[in-house]
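Asks: Sharing a structure below in structure tokens format, with a few things to ask.
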Amino acid sequence: MRQVLKWAAAAIAAACITASLPFAVGHADDAAPASPIFGVKIPAGYRDWKLIAVGEETGLDELRSVLGNATAAKAYQDGTSPFPDGTVLVKLAWKRKPVAGLDGAFITGPATTVQVMVKDSIKYAATGGWGFGRFIDGKPVDAAQHETCFACHEAHARDHDFVFTHYAR
């Protein structure tokens, strides 16, 4: 039992260290790169936002977490739909890293993407009120990838204001 507790403490420490590594160091100012089409940037201070939910995408072998700014957190807590303007959601994704000797257990591996959704019903009226940004190593992906964002959200999350993530209670 002592060995299991010692291993668990080490695994938790490793996960915390890995999860605390920044995705995009130095990309929170006005000079930060913006996504093509939408002009969305990685928001300053997003790593301190409220955790909305976690997920796994087995096809990409990724663990994911969605964080929300204060506006998003309040909307989720109150069950507000549609989300109010000013809502910002940030999805962080990491490769799954198996824990040696513990079948089915994973911790966060290398970071893969930061994805951002910003609600502004006037600015982004053509895309359900949402602007999108997808970043790898702090840099936005190309316009072709951003052109697919709303179509996917429209096809699969229309009934939840184009947002996939539901609040984890």
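Asks: Run the simple label-point estimate for K74 and D61 please: 7 Å along Cα→C-beta, distance reported in nm.
Replies: 4.3 nm
Asks: Quick one: grab the alpha carbon gyration tensor of the stretch 49-149, order the square roots of its eigenvalues as a ≥ b ≥ c, and give me rounded if a/c is under 1.5, else prolate or oblate depending on whether a/b is larger than b/c.
Replies: Verdict is oblate for the stretch 49-149.
Asks: Using a simple spin-label model with points 7 Å from Cα along the Cα→Cβ vector, what separation in nm is obtained for A151 and R169?
Replies: Inter-label distance under the simple model: 3.6 nm.
Asks: Would you please put 36-49, 140-153, 86-99 in order of how densely packed they are, using the mean number of other Cβ atoms within 10 angstrom per residue and starting with the highest?
Replies: Result, highest mean first: 86-99, 36-49, 140-153.
The numbers here are math on the coordinates, done by the rules we state, and not lab data. Computed from a predicted structure; not experimentally measured. Neighbour counts run over all protein chains shown; Cβ positions are idealised from the backbone, glycine included.
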